[in-house]
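The values are calculated or read from the model by the stated rules, or taken from the named source; none is laboratory data. Quick caveat, the model's predicted, so the values are computed rather than measured. Every residue, glycine among them, receives a Cβ derived from its backbone with ideal geometry; neighbour counts consider all protein chains shown. Note: accessible area is taken over every heavy atom of the protein model, side chains too, but ligands, DNA and RNA are not part of it. Shrake-Rupley method; radii C 1.70, N 1.55, O 1.52, S 1.80 Å.
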Amino acid sequence: MPEQAEGTAGSPTHEVRDFLRRRREQIAQRWADEALFRAVFTVSRDEAVEAGKAVVDGLAQVADAQRVEDPDAAGFTSVREQLARMGAARSRAGLSTAQVSSELAALRPPVENLLLADLPDASPEEARACVTTLSVLMGTLRVVVMQTALSEGQALIDRQRLQLLEVATPVIKLWDGIVAVPLIGTLDSARSQVVMETLLESIVEQQARYAILDITGVPTVDSLVAQHLMKTVAAARLMGAECIVSGIRPAIAQTMVHLGLDLGTVVTRASLADALGYVLHQLGVGIVNPVVNGPVTR
């Protein structure tokens, strides 16, 4: 048995700690050949070895604190950052969560074999206690990495959802001083907030005097949607732009009447073309119909 520091004899966690520190290089070399490390560090094996050493150092710190079952142990911080990036890389490569978890589980046997070889004089009970401690430590490591990978995956989904919302609510410049937002699909609180923020930013950037909200592609309008529209109209007015709502179909108009919604202070038009014609007329721009060759006003 290796010499123990004073006061640590008989502690499996400290036996494992000393083993990890003593066999740090060998463990990292073996891990570098495992699928998780080999697939991520494809350019340089030395880089994989250094990453493995960092993980071993973190595990040794956890064992030193005797918190092998605690995913929040301080030593897992560096492990979480290192292996979470690796797990995320494998997920981006198309592996499922179960497959990533299997690759993490494959890191345990090489370390366990080294541990057993490192304890030739230990009694069966002592060896079993050390192996159990190592297994618990590696199991907690898997929990830490999978928790972090799932959190990062959810964060990525949230970012992509926000990006899709931004793409789904484009602000179009129709004319100097005129912008429009063609809305398609269902409006909820999150999307309505994106619509408002995007529209207000465009009003400032384009120095727009008029903004058209076209709801032709919105299937239904309830009290919540109407409330969001009213908030957007009010916010645009505070920015110095008049907001026109277009695309109110007969069915939607009837729904608004039944709901008792008061849009009396909001300029509305049946279609985007009507709304654009109204705004151009407000700006004093004449529209000439090429067929009858005469001005058309709305």
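Surface exposure of the chain, expressed per residue as accessible area with a 1.4 Å probe, stands at 52 Å². Computed per residue of the chain from DSSP H runs no shorter than four, each worth -39500 (n - 2.57), the mean residue ellipticity at 222 nm is -20000 deg cm²/dmol.
Taking a ≥ b ≥ c as the square roots of the eigenvalues of the Cα gyration tensor, an a/c ratio of 1.5 or more together with a/b larger than b/c marks the chain as prolate.
Counting DSSP beta bridges in the chain, what percent are antiparallel, to the nearest 5?
So the antiparallel bridges in the chain amount to around 30 percent.
Taking 7 Å steps out from each Cα toward its Cβ at LEU259 and ASP121 produces label points 8.2 nm apart. The calculated FRET efficiency for the pair ARG249 and GLU205, based on their C-beta separation and a Förster distance of 30 Å, comes to about 0.45.
This model, with +1 at the C-beta of Lys and Arg and -1 at the C-beta of Asp and Glu, gives segment 14-69 a dipole about its Cα centre of some 80 debye. The string of couplings for segment 12-18 from the Karplus curve (6.51, -1.76, 1.60, θ = phi - 60°) is x, 5, 6, 4, 5, 4, 5 Hz, one whole number per residue in order, with x for Gly and Pro. The SER135 and ALA190 beta-carbon pair, evaluated with R₀ = 51 Å, returns a calculated FRET efficiency of approximately 0.70. On full extension, the segment bounded by VAL43 and LEU150 gains 35.9 nm, given 0.36 nm per residue less the C-alpha separation.
With the charge dipole of the chain set up from +1 on Lys and Arg Cβ and -1 on Asp and Glu Cβ about the Cα centre, the Cα lying farthest toward the positive end among the listed residues VAL79, MET138, ALA236 is that of ALA236. Computed extension gain for ASP33 through ALA98, at 0.36 nm per residue and net of the alpha carbon distance, reaches 21.4 nm. Among rounded, prolate and oblate, which fits segment 172-296 when a ≥ b ≥ c are the square roots of the eigenvalues of its C-alpha gyration tensor, a/c under 1.5 means rounded, and a/b larger than b/c means prolate? Oblate shape, in that a/c is at least 1.5 and b/c is the bigger or equal ratio.
Which FRET efficiency value, to the nearest 0.05, do you get for ALA105 and ILE157 by plugging their Cβ-Cβ distance into 1/(1 + (r/R0)^6) with R0 = 35 Å? Taking R0 as 35 Å, the efficiency between ALA105 and ILE157 is 0.90. 3J(HN,Hα) couplings calculated from phi for segment 208-217 with the Karplus curve 6.51 cos²θ - 1.76 cosθ + 1.60 (θ = phi - 60°) are, in sequence order, 6, 9, 9, 10, 10, 9, 9, 10, 4, x Hz; Gly and Pro show x. Remark: spin-label model distance LYS231-GLU50 equals 4.9 nm, labels positioned 7 Å along the Cα→Cβ axis. Phi angles across segment 222-232 convert, under the Karplus curve 6.51 cos²θ - 1.76 cosθ + 1.60 with θ = phi - 60°, into 3J(HN,Hα) values of 10, 4, 5, 4, 4, 5, 4, 4, 5, 5, 5 Hz, Gly and Pro given as x.
Averaging the sequence gap over all C-alpha pairs within less than 8 Å and six or more residues apart, then dividing by the number of residues, gives segment 58-211 a relative contact order of 21 percent.
For segment 174-298, which whole-number percentage of the solvent-accessible area (1.4 Å probe, protein heavy atoms only) is attributable to carbon and sulfur atoms?
Carbon and sulfur: 57 percent of the exposed surface of segment 174-298.
Of the peptides 230-242, 211-223, the ranking by mean beta-carbon count within 10 Å, highest at the top, reads 211-223, 230-242. Each label point was placed 7 Å from the Cα along the Cα-to-Cβ direction; for VAL143 and ARG85 their separation is 2.6 nm.
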